[in-house]
Amino acid sequence: LGLLPPLPFCFVWQIAMIILFGVFIRYDEESDTHWVETKAHDNITSDIENDFYFRYPSFQDVHVMIFVGFGFLMTFLKRYSFGAVGFNFLIASFGLQWALLMQGWFHSLDPQTGKIFIGVESLINADFCVAGCLIAYGAVLGKVSPVQLLVMTLFGVTLFAVEEYIILNLLHARDAGGSMVIHTFGGYYGLTISWVLYRPNLHQSKRMQGSVYHSDIFAMIGTLFLWMFWPSFNSAITDHGDGQHRAVINTYLCLASTVLTTVAISSLSQKTGKLDMVHIQNSTLAGGVALGTAAEFMISPYGALIVGFFCGIISTMGYIFISPFLEKTLKIQDTCGIHNLHAMPGVIGGIVGAITAAAASESVYGKQGLINTFDFTGDFKDRTVLTQGGYQAAGMCVSIVFGVVGGAIVGSILKLPIWGDPADENCFDDEVYWEVSEPATHHLLFIIQPLGGAIVFDLVSRDELQTTFEIFI
Amino acid sequence: LGLLPPLPFCFVWQIAMIILFGVFIRYDEESDTHWVETKAHDNITSDIENDFYFRYPSFQDVHVMIFVGFGFLMTFLKRYSFGAVGFNFLIASFGLQWALLMQGWFHSLDPQTGKIFIGVESLINADFCVAGCLIAYGAVLGKVSPVQLLVMTLFGVTLFAVEEYIILNLLHARDAGGSMVIHTFGGYYGLTISWVLYRPNLHQSKRMQGSVYHSDIFAMIGTLFLWMFWPSFNSAITDHGDGQHRAVINTYLCLASTVLTTVAISSLSQKTGKLDMVHIQNSTLAGGVALGTAAEFMISPYGALIVGFFCGIISTMGYIFISPFLEKTLKIQDTCGIHNLHAMPGVIGGIVGAITAAAASESVYGKQGLINTFDFTGDFKDRTVLTQGGYQAAGMCVSIVFGVVGGAIVGSILKLPIWGDPADENCFDDEVYWEVSEPATHHLLFIIQPLGGAIVFDLVSRDELQTTFEIFI
Amino acid sequence: LGLLPPLPFCFVWQIAMIILFGVFIRYDEESDTHWVETKAHDNITSDIENDFYFRYPSFQDVHVMIFVGFGFLMTFLKRYSFGAVGFNFLIASFGLQWALLMQGWFHSLDPQTGKIFIGVESLINADFCVAGCLIAYGAVLGKVSPVQLLVMTLFGVTLFAVEEYIILNLLHARDAGGSMVIHTFGGYYGLTISWVLYRPNLHQSKRMQGSVYHSDIFAMIGTLFLWMFWPSFNSAITDHGDGQHRAVINTYLCLASTVLTTVAISSLSQKTGKLDMVHIQNSTLAGGVALGTAAEFMISPYGALIVGFFCGIISTMGYIFISPFLEKTLKIQDTCGIHNLHAMPGVIGGIVGAITAAAASESVYGKQGLINTFDFTGDFKDRTVLTQGGYQAAGMCVSIVFGVVGGAIVGSILKLPIWGDPADENCFDDEVYWEVSEPATHHLLFIIQPLGGAIVFDLVSRDELQTTFEIFI
C-alpha cells in the first residue's frame, strides 16, 4: 500500500541524525556540568540566573502548542483524527532534530570549535521551526502520505533555517513570535504545495470531508491550548524581563479581542445567525499570529486590541469568502484553511511589525529601551527606526518568496508518483494508513436470516458478532 | 432566530474597549521598556526579579483552568458541548477585557496620571474575575442565549469589581484564592439568576439533559485540569516566597483528601454501590474552592486535609439531596450543580478563612510572618487577628449579598423577552445556536409497530427505550 | 455488587491520614511564614531563591502527567474510560498522601523534632511514588475492583519508599527520573500481580477488549501530555541550574528519536504497512523511561538520541512479539503492555545509567561537576565512578526484586475472594462500577428494502442517509 517507504527512511534518517549530533551538537555552558565554573567566572550568584529558569515554562507551553495544539486542531475531520494527531507527532519529532542542526549551522556554529552549543532557547527555536511545517501540513491534511509529509518537513525545515537567517541575521529584522518567519513562510509554503498537488477529483472523498460532533470537540482542545499558550509562544525568546512580560500582555489582549469579532462575523455569515465551529476553532487564533512580530514592541494595550479586532474579522471573512475562491478559481485546496489562520494574518503581522517599528521613538521606549528592543548594537548601532521599519517589510517579502518558491519546488517533488499518496476517493480517511478497529460506516451491522417462522437479527459489531435479536412474525 | 443581536453588541463592545484601553491602560513599570531604568533606580540586580518570573507559570495554569477547565467541565451534556466550550470561550474573552478596566479603576488607578498600569498580576486578576461569571454560567447552562450570557458577564464583572473592592480593600479581608470573592459571589449570582429565570416546563427538554459516554470523558478533561492546577489558582497572587509555596502545599493536600470522601459518598449513594460520574466530575473540586481563603495561612497540612475531608462529603451530599430540593422546592434549576461545587464550598471557605485568621498567633507565624500574611501594615497595622477574623466573616456576607441582590437584578433584566433564549423544548441543544453537521437524534433505536397494513418505525432516543425490540405483524 | 467496601476504607483511611499528618507533617522552612527569618539568617537576598521557583513549573508538569497523562493513556478501551480516568484519579489521590508519610519517614524525618518537613520537592516525590502504582495499574486495567486498586496502591507505595531508600540512600545510586525506582519497580510489581491474578477465561470479555475510534483519540491526549512533559519529569528533582537544564535537553532529544523508530517498526509489523495506534500511544514514550537515570548525566545529545533509537525499536517489538508470548506462555495478562513501556525500558534505563556513570570522567564533567552530578560528598566523597556504576547496577537489581517479590505477595492478598473483582465476562466494562447513562450498544440506521420474499436491511452510515426510512412489504 505504499507505506513501507517511511520505514527505511525513518531508520536511515535517525542514524544520520545520531552521527551529525555526535559531530556537531554539544551542551551549551548553561546546561553543561561546567556551569559551576561559568558561574564563578561570570560572578553569577545564583542558579536561578540560568537561562533555563527564564524560558523553561514558556518552552513547555510552546511544546504543548506544537504537539497537542496543532495536532488536535486538525482532528476536526470525522475520520482523520489518527492522521491529524499521529502524523503531526511524527513530523514534529522528525523535524525538530533537523531544525537543531540547520538552525545551529546558520545561527550558532562556534567558529573555533566547529560545534553547535544548545540550551533551552535552541529547543524553543527548533519547536518554532517545526511549527512552520505543521502549518503547511494543514493545507494538505488528508491528501498526502506520511512519506510526503516527511519530505515536506525535511525541505521545509531547511528552507526555514535559511529564510530565518536572512531575515533575522542579515536584515536584522525582529520577529519574536514569527509572524513572518513562521506563519507567513509556513502558510505560503503549504498553500503552494497544495496548489501543485491540486486534485480535480477530490469531490470523490466529499463524504469524508466534514466533521462529526465529537471530532469538533476534539479540535477545540487544540484550539484552546493554542489560544491559551500563544502568549508564551510570542514571548518565549524575547528579552528577559520587560520583553517577555510585555509580549505576554500584548498577545493576551490581542487574542481576547479576536474572539469577539470572530463570533460577530461568524454569526453574520449564516442566514440563521448561528455560529460555525470552523470559525471558532480557527479564526480566534488569528490575533496571536498577527501579533507575532510586534508582541515585544511598545504597541500598547489598545494597539494589541486593534490588531485582534481586525484579525478576527479578516480571518473569518477569509473562511467565508476567500477559501471558496481559492479552491474554485486558484485551484488551491486548503483543508484547514491555513490561508485564513496563518498566511494572511502572518502578512498582517509583518506589516504591523514594520509600522510599529518605524513609529518607535525614544520618548516612548526610552533611550536604552529602544536599543534593547530593536537590538541596535554592533553593526546595527546606527540604524534608525525608519530604516528598521523598511527592513521589517523586506523581511516579510523574503518569507513570502521563500514560501512560494520553496513550495513550488517541493510540491513538484511531491508530485512524483512514488510517494504512496491516497487515491482521490480515499482522501481524509485514516484507514489508508492506520489499522482502524472499526469501519468508517460506524455502528452496528445486522444480518437477518429467516429461521423457521422467525426472523433472526444477528447483531454484528465491527469486531465480531454480539447479541441476538429475535423477531417473531 | 434571535442570535443576530450579539453581532453589533460584540463589535460595539470591542470598539468601546479599544477606546477605553487607549484612554486608561498602560504597561506597568515591569512590562515597560523603561524597566531597564527601574532596575537601575531600584537597585535590582537581575531580570529574574521581575514579577513576571514569580507569577507567569501560575498565570498560565489559571488561564488553562478558565478556558479548558471551566469550558470542558460543562461539556458533560450529550448535545451542548459546543455551547459549553464555545460560549465559555466567548464570555471569558469578553469579560477579561472589562475586568482589566473595572479592577483597574477600583484597585490601581494612578491618581496622578489617571492611568491603570497593568502587569502579569492584572492578567491573573482579570482571569479570576471572569471565573466568577463562568461559575454563574454553570447554573444556567443550556437555558440562555449567548446574548444573555454576555449581559450576565457584563454586569457580573462590574459587581465583582465592586464587591472585591469592598472585601479586599475596605474590609481588608484576605482572599487569595477567592472562596468568597469568586466562588461565593459567582455561585449565588448564578443561582439567583437561575431562580429568576425558572422554567416550569423545562422537562420538555429532558431528553437532552443527560450525558453520553464520551461527553462524560470530555468533562473529565475539564475536571482534571481544574483539579491539577487549583494549587496555582490559590497561590497565583499570594506573597512571593513562602506565601505561594504554602498555598500550593495546602491546596494540593486538600484536594487529594476531597477525592477520597467524594468517592466514598458517591458509592454510598447508589443502592448498587456504583460511582456516579457527576460526583467525580464536580465534588472532587470542592476542596480547592473551600481552601481559597485560607490557602496562604498556616492552616497546616492536616488542617488542609480536614477541610478537604468535609468538602468532599458535603459537596457530594449536595448533589444527592440538596440539588433535587433546590429544584423542586426553591425552583432553582442548577444545570451544573454550582451550588454544590462553588456556593456551599465557597461559604465554607469563608468560614474556614475567618476561623483560621482569628486563631493565628505570633508563636505559629512569627512576628514578621504574621504581619506579612495578613498585611497588617499602613492603616491596618494595629489590627488584631480576632478583628481580622471578624472582617473575614463580614467579607463573606458581602459576597453573598452581592451575589443574591446582583443576581436578582440581572435576572430580571434577562427575563425580558428580547434576548432570544431557547424555547423550553430546545434547551440543552447546540442546534439552536450552532451549525451542527449531524442531527441531534444521535443513537437511534426503533419501535416497530403494526398499524393497519403498514409497519411503522418510531424513532426513539436511547434513553426512553432501551431493550424492547419486538415486531409483531 | 461488592463495591461497598471502598467506602469505609476511604473514610477510615482519610481519617488516619489526618491524624498522621497532624502528628508528623509540617511545612519546611521555605514554605513556612518563618521564611522571612530564614532569608535573613541565610543571607538570601530575594524570594526568587526559594526552591518553589526552581521546581514548581516542573511539579505542575509532573502533576499533569500523573492525572491526565496516565489517566487518559488508559482510556483506549472502548468501554473502560471511566475506570481508566476515574480510578487513576482515586488511587493517585489516595497514594500521594501515604507517599508523603512513607517517604518522609524514610528520607526526611527530622531526628530532633520527629517531624517531616515538606516543600515542593516532597510533592514531586509523592507524585513520583504514585506513578509506580499507576504503572502497575496498567497491567491489571479492567480486571480488578477499585478496592483491589487501593490495596495495591497502599502496599505499592510502602514498598516503593523502602526500595527507594535502599537504592538512593544506602546504595547512593542516582535515579533522577526513576528508571529503576519508578518504572522498573512499578512495571514488575504490576506484571507479577497480573501473573498471580491470571484469568484463564478472560476471553469471555474479548468483545470489550478493543478500542473504538474516539477512545483511541482520548488515549492520545494521555500519550502526548506524557511525552511533552517527560523532560519535566526527568528534571524535576535534579540539581538546580545545569542539572535541570541538561536533563530537559536529553529527554527532549531522546523522545524525538523514539518516535521515529516506533513508527518505523510499527509500519513494518503489518503486512499492509499500516501503523498501529497501540504502538504510537505507548512505545513513543519508552525513551523517556529509559533516560530516567541518565538524564542528568553528561550522556551528550547524540547519546540521548541513541537511547531513544533503540527504545523505540525494542518497545514496539515488545508489543508485537513479547506481549503475546507473555500472555500465552507465562500467563501474564498485561492490559496496557506495561512490560514494553515501563519494565523493559526501565531496565534499559538502569543499565544505561550504570554504564554512563562508570564512564564518567573529570575531563568531561570537570572536577566540581563530577562531584555535584554524582553527589560524591559526605560518606561517599571517595567513591569512584566505576564503583558508582556498580552501585547503579545493584540498584536496578533491588528494584526488580522488590517489584517481583512485592508483587507476588500483594497479588496473593488480592487473590482472596473478598475484593469484589469483576467476573471473567464483565472485565473491561465500566458498567460494573459506574452508573453509565447508555448501554454499550451503538448507533443504528437502516434501509429496508423488499427483495423477492426476503426483507433486506441495508446498513447506511449516518451521513449518507438521514431521512428516508420506508418499508414496503
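Every read-out reported here was derived from the displayed coordinates using simple, explicitly stated rules and does not represent laboratory data. Quantities reported herein were computed from a predicted structural model and do not represent experimental measurements. No Cβ is skipped: glycine too gets one built from the backbone with ideal geometry, and neighbour counts run over all protein chains shown.
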**Request:** Grab the alpha carbons of chain B, take their convex hull, and tell me the volume per residue in Å³.
**Result:** 158
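What range in chain C is the longest one free of GluC sites (Glu not before Pro) that are in a loop by DSSP and have at most 12 other Cβ atoms within 10 angstrom?
Working: sites that count: C:464, C:470.
Between the exposed loop sites, the longest stretch runs C:1-463.
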**Message:** I'd like the mean, over residues of C:66-77, of how many other protein chain beta carbons sit within 10 Å of each residue's own Cβ.
**Reply:** 2
**Request:** Net charge near residue C:61: determine it from the other residues with C-beta under 11 Å of the C-beta of residue C:61, scoring Lys and Arg +1 and Asp and Glu -1.
**Result:** -2
**Asked** How far is helix A:6-24 tilted, in degrees, relative to the longest principal axis of the Cα atoms in chain A, given as a value from 0 to 90 rounded to the nearest 10?
**Response** 20
**Message:** Rounded to the nearest 20 debye, what is the charge dipole size of the protein assembly as shown about its Cα centre when +1 sits on each Lys and Arg Cβ and -1 on each Asp and Glu Cβ?
**Reply:** 2320
**Asked** For the residue pair residue B:38 and residue C:381, what label-to-label distance in nm results when each label sits 7 Å from Cα along the Cα-to-beta-carbon direction?
**Response** 4.5
**Message:** Checking the cross-link filter: which lysines have an alpha carbon closer than 26 Å to that of residue B:331, excluding same-chain neighbours under 8 positions apart?
**Reply:** B:78, B:143, B:206, B:415
**Message:** For segment A:26-106, take the convex hull of the Cα atoms, compute a quarter of its surface area, and give me that in nm², please.
**Reply:** 6.9
**Asked** For the Cα atoms of chain C, what angle does the longest principal axis make with the long axis of helix C:146-164, in degrees from 0 to 90, nearest 10?
**Response** 30
**Asked** So which lysines can residue A:39 reach, going by Cα to Cα under 26 Å and dropping same-chain residues fewer than 8 places off?
**Response** A:115, B:39, C:39, C:367, C:381
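Other chains near C:113-125: what is the mean number of their Cβ atoms within 10 Å of each residue's Cβ?
Across C:113-125, the average partner-chain Cβ count within 10 Å equals 2.
With the Cα gyration tensor of segment C:85-126 in hand, convert its eigenvalues to equivalent ellipsoid semi-axes via √(5λ) and list them largest first in whole Å. Working shown, then result.
Numbers: eigenvalues 118, 17, 8 Å².
Equivalent ellipsoid semi-axes, largest first: 24, 9, 6 Å.
In segment C:245-325, which trypsin sites (Lys or Arg not before Pro) fall in coil by DSSP and have 15 or fewer other Cβ atoms within 10 Å?
Working: sites: C:246, C:271, C:274; in loops: C:271, C:274.
When the trypsin sites (Lys or Arg not before Pro) of segment C:245-325 are filtered for loop state and at most 15 Cβ neighbours within 10 Å, C:271 remain.
If you average over every viewing direction, what projected area does the convex hull of the Cα atoms of segment A:35-165 give, in nm²? Walk me through the numbers on the way to the answer.
On the way: hull surface 36.8 nm².
Its Cα hull, projected and averaged over all orientations, spans 9.2 nm².
By DSSP, what percent of the beta bridges with both residues in chain B are antiparallel, rounded to the nearest 5? Before the final figure, lay out each step's value.
Working: 10 of 13 bridges.
Looking only at bridges with both residues in chain B, the antiparallel portion is about 75 percent.
Taking the Cβ of residue C:251 as the centre, find all other residues whose Cβ is under 13 Å away and add up their charges (Lys, Arg: +1; Asp, Glu: -1).
Values: positive: C:246; negative: C:61, C:296.
After counting each charged neighbour, the total is -1.
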**Message:** Only four residue types carry charge here, +1 at the Cβ of Lys and Arg and -1 at the Cβ of Asp and Glu. Report the dipole size of chain C about the Cα centre in Debye, rounded to the nearest 20.
**Reply:** 1320
**Prompt:** If you put a point 7 Å past Cα along the Cβ direction, how far is that point for residue B:162 from the same point in each other copy, in nm, smallest first?
**Reply:** 6.4, 6.4
**Item:** Relative packing of peptides C:126-135, C:382-391 - highest average C-beta neighbours within 10 Å first
**Value:** C:126-135, C:382-391
**Asked** Which whole number in µm²/s is D for the protein assembly as shown by Stokes-Einstein, with the Kirkwood Rh taken over Cα pairs at 37 °C and 0.692 mPa s?
**Response** 103
**Item:** Rounded tilt (10° steps) of B:81-103 against the dominant C-alpha axis of chain B
**Value:** 20
**Request:** Taking a label point 7 Å out from Cα toward Cβ, give me the nm distances from residue C:325 to the same spot in the other copies, shortest first, one decimal.
**Result:** 6.3, 6.3
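Percent of alpha carbon pairs in segment A:370-429 separated by more than 18 Å? Let's see the in-between values first.
Numbers: 1093 of 1770 pairs.
Percent of Cα pairs beyond 18 Å in segment A:370-429: 62.
Take peptide A:270-281, look around each residue's Cβ out to 10 angstrom, count Cβ atoms belonging to other protein chains, and average those counts.
On the way: counts 5, 1, 7, 9, 9, 12, 2, 8, 1, 1, 7, 1.
For this peptide, the per-residue mean of nearby foreign Cβ atoms is 5.
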**Item:** Estimated distance in nm for a label pair at residue B:16 and residue C:204, the labels positioned 7 Å out from Cα along Cα-to-Cβ
**Value:** 6.7
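Tally Lys and Arg at +1 and Asp and Glu at -1 over the other residues with C-beta under 11 Å from the C-beta of residue A:128: what net charge comes out?
Details: positive: none; negative: A:121, A:127, A:164, A:175.
For residues surrounding residue A:128, the net value is -4.
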**Complete:** Asserting the computed 222 nm helical MRE of the protein assembly as shown (DSSP H runs at least 4 long, -39500 (n - 2.57) per run, divided by residue count, to nearest 500) equals -18000 deg cm²/dmol
**Request:** Using only the alpha carbons, work out the radius of gyration and Dmax of segment A:210-313 in angstrom.
**Result:** 14.6, 49
**Prompt:** Considering only DSSP beta bridges with both partners in the protein assembly as shown, what is the antiparallel share in %, to the nearest 5?
**Reply:** 75
**Asked** Along the charge dipole of segment B:387-437, Cβ charges K/R +1 and D/E -1, which of B:411, B:389, B:422 sits furthest on the positive end?
**Response** B:389
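Taking R0 as 60 Å, what FRET efficiency do you get between residue C:107 and residue A:328 from their Cβ-Cβ distance, rounded to the nearest 0.05? Before the final figure, lay out each step's value.
On the way: r = 68 Å, r/R0 = 1.13.
The value I calculate is 0.30.
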**Prompt:** Can you put A:78, C:39, C:381 in order, fewest other beta carbons within 10 Å first?
**Reply:** C:381, C:39, A:78
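Could you work out the mean projected area of the convex hull around the alpha carbons of segment C:127-280, in square nanometres to one decimal?
On the way: hull surface 45.5 nm².
The number I arrive at for segment C:127-280 is 11.4 nm².
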**Item:** Farthest toward positive dipole pole in the protein assembly as shown [+1 Lys/Arg, -1 Asp/Glu at C-beta], among C:322, A:150, C:106
**Value:** C:322
**Prompt:** How compact and how long is segment B:294-377, expressed as Rg and Dmax of its alpha-carbon atoms in Å?
**Reply:** 16.8, 52
